[in-house]
Amino acid sequence: MALHTWLLYLVAAIGLSLTPGPNSLLVLTHGALHGQRKTLFTVAGGALGFLALITLSMLGIGALLQASAHALTLLKLLGGAYLVWLGVQLWRAPPITLDAAAAGAGIAGAQLFRQGLLTAVSNPKALLFYGAFLPQFIDPARDLATQFVVMAIVFIVVEVLVEVLLALLAQRIRGLLQRAGRRFNRVCGGMFVAMGLALPITR
């Protein structure tokens, strides 16, 4: 991959990572509810999920999904159902407490990791997007495997840095979020439910 192509890809990856989505919302919520340290499990799960989607796209699964309306419909329904379920859990969550340690004590890191992973892979539109996005930066005259590895690493590193910043931001505005109490949980939960309901009917 030529340097100018890599720079273009880096800018595009940063822009994509800064775009609000289910994982960024989840990280912001977990950062406020459970503290920065535990939210790293959420970030790690999301990174693994994105890596899996990028890998599948690189292997041509994106083209398979585009060709199979039934497979895409099933993935949309399953992904939407999970986002709705996650939204309901956030809606019912207790108000945020000022003690970050206490707020994070009742949930295991593995559970946060699983939520980050499933949220990342539950949106098949991301897989289709990667299938269309990544080939734009491929140079067929160069080794494809090396280019795939470079693009995957760059995107995951950018995504992790952005989500860690979101977790830090959640801690800085913890006081505001605590005063908002249950309303913050319900707004975030409602957004997850809305995304989950919209996902199966979007094209």
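The values are calculated or read from the model by the stated rules, or taken from the named source; none is laboratory data. Quantities reported herein were computed from a predicted structural model and do not represent experimental measurements. Virtual Cβ from ideal backbone geometry, glycine too; neighbours counted across all protein chains shown. These area figures cover heavy atoms from the full protein model, side chains too; ligands, DNA and RNA do not enter into them. Shrake-Rupley method; radii C 1.70, N 1.55, O 1.52, S 1.80 Å.
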| query | Inside segment 77-109, can you point out the residues that are modelled with pLDDT under 65 and part of a helix (DSSP H, G or I)? | reply | 100, 101, 102, 103, 104, 105
| Any idea which of 48, 59, 74, 53 is at pLDDT 70 or above, buried (at least 21 other Cβ atoms within 10 Å of the Cβ) and not acidic (Asp, Glu)? | 53
| message | Considering only residues that are at pLDDT 80 or above and open to solvent by less than 40 Å² (accessible area, probe 1.4 Å), which ones fall in segment 6-21? | response | 9, 13
| request: Identify all residues within segment 110-144 that are assigned to a helix (DSSP H, G or I), at pLDDT below 80 and hydrophobic (A, V, I, L, M, F, W, C); write none if there are none. | output: 126, 127, 128, 129, 132, 133, 134, 137, 144
